[in-house]
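These notes concern the structure reproduced below.
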Amino acid sequence: MDATPKKVGCKMKFLLKTKVLIASALVFGGLTFWDLKPQVSPKSSLPVIEALIKDDIQRVALTSMGNTITLEQSDVWTQVAPLNGLADEARINAMILNFRKPIEMDVLVETDPDKGGKSYGLDSSNAIVVEMWGIGDAEPSISFLLGNDTDQGASFIRMSGSKSVYRAHVGGRRRFAHQAGAWLNQRVLQLKMSDISSLTVEGADNPSYTLENGDVWTARGEDIPLDVKRLSQAFQTLLLMRIGEEPISDIGEPWMRLTLTQKDGVQEVLEVADPVDRQTHVQVGDAIYRVPVLPFERFASGIQYFMDKRVFPIRSREELDLIRYKTELTDIVIQQDLADGFWKVLQPSNVDLEMRDVFFMVNTLVSLSSVREVPLVDVPPTPTVTLEMRRLKGDVFRLWIFDYQARDGALGYLCQIEGAESAFLAPKEDIERIINGFGQSNVF
């Protein structure tokens, strides 16, 4: 009989109670380890530059290397130091409009940087101290130091009284870093369209004409209504025209002359030199400025440019109920919800349109204008696209769109309205925007 003891293999078995204790130990150990890790402050705990809307800002001070530029607003913006004069409202708005909502710091970069934050542009030689006061404020409502911009479009910021460096989006250093002279007025004209009672245009190879501002804008001696949108765009471009460089001593014989008469009777005469390379010179009183030619080109086109050539007797999208877009392969119907002004697709059920494009489409369709009339004998028998518009009062307009072509130097899509005595060319960008509103492309 073998007396040698045998080795017996055994496995350790854990009771349920033991398993629970081990699991608990692991959980508490993990929590202890987590508690030892440094915690990152949530974004909500970072400093915030409080909101201050444009019309509530009374004073702005920009200080760099001990020199302060002070801008103040009453009825208009003026620079009171170090220079004195009317300020550039467009440049000021570009700076302050970014603060119409609270600006929260994106991230804390460093709590106590070396050399006063020189590597961030926040040292005394580079930082711009930005301060803004609201109406009646004794202390600035907004106060921070602005350093360099980052590659991501943000800027390095230090809140006044703090050493910590943050990153935030405040519009970029370029909106603040101007010399005193650049904060003075840079507009050629200090007028609003509502200030003007009439505008007379002479020269530029077209007969002279006068636009008059009564209850509505009209053309003197003309019964045809004006296109308010075109007129507003032309005036906006002219009145926001900014002073350029390279003034000259004499513009010579003017290419065109514009006489603006204000409602108080004061006149402003602009004499414009012949354009060269999309630039021209304009003389206002004794001053001559180099400016883009664009503000004058619309007025140089003659009175016909401002005539209302809209092809539909619809003056607002609120008049519309249904719009139908139809080709050989597509049939889409949308309807306006009068409760909120949004459009919904009635058919087909599998079409989902981008609402922004629909709004652009509807506004373009309502204001669609003619570039050139075309005789009906030149119109093909079958259109590529048919658009139907039904107004709330029940009447329906049908627009047939054919192809893109040239007529007597004018380019556009050939179109016809049902029942009209002639066809017309419509602007290429308008027709493409209308088609895009229905989510279509490559139709032609």
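Here are the numbers:
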| read-out | value |
| --- | --- |
| Filtered residues of segment 387-444 (kept if assigned to a helix (DSSP H, G or I) and either surrounded by 15 or more Cβ atoms within 10 Å (Cβ to Cβ) or of a type in the set (A, V, I, L, M, F, W, C) (or both)) | Asp430, Ile431, Glu432, Arg433, Ile434, Ile435, Asn436, Gly437 |
| Residue match in segment 213-235 (condition: in contact with a helix residue (DSSP H, G or I) (Cβ under 6 Å, 6 or more places away or on another chain), hydroxyl-bearing (Ser, Thr, Tyr) and either outside the structural domain of Val362 (by TED's automatic domain parsing) or surrounded by 18 or more Cβ atoms within 10 Å (Cβ to Cβ) (or both)) | no |
| Some residue of segment 262-278 being of a type in the set (Gly, Ala, Ser), buried (at least 17 other Cβ atoms within 10 Å of the Cβ) and modelled with pLDDT of 90 or more | yes |
| Qualifying residue in segment 156-164 (condition: aromatic (Phe, Trp, Tyr), surrounded by 16 or more Cβ atoms within 10 Å (Cβ to Cβ) and not in a loop (DSSP other than H, G, I, E, B)) | yes |
| Which listed residue is within 28 Å of Val284 (Cα to Cα) and part of a strand (DSSP E or B), from Thr218, Thr237 | Thr218 |
| Positions within segment 371-386 being in a loop (DSSP other than H, G, I, E, B) and more than 33 Å from the chain's Cα centre (by Cα), in sequence order | Pro375, Val379, Pro380, Pro381, Thr382, Pro383, Thr384 |
| Test: residue in segment 378-397 that is in contact (Cβ under 8 Å) with a residue 40 or more places away in the chain, touching a Ser or Thr at 6+ places or on another chain (Cβ under 7 Å) and hydrophobic (A, V, I, L, M, F, W, C) | yes |
| Residues within segment 90-116 that are in a helix (DSSP H, G or I) and modelled with pLDDT of 90 or more, tallied | 9 |
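Here's the yes/no breakdown for (1) in contact with a Leu (Cβ under 6 Å, 6 or more places away or on another chain); (2) not acidic (Asp, Glu):
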| position | (1), (2) |
| --- | --- |
| Ile303 | no, yes |
| Asp331 | no, no |
| Gln336 | yes, yes |
| Asp340 | no, no |
| Pro348 | no, yes |
| Leu353 | no, yes |
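The values are calculated or read from the model by the stated rules, or taken from the named source; none is laboratory data. Note that the structure is predicted; figures quoted are calculated from it, not measured. A quick note on method: Cβ atoms are made from the backbone with ideal geometry, for glycine too, and the neighbour counts reach across all protein chains shown.
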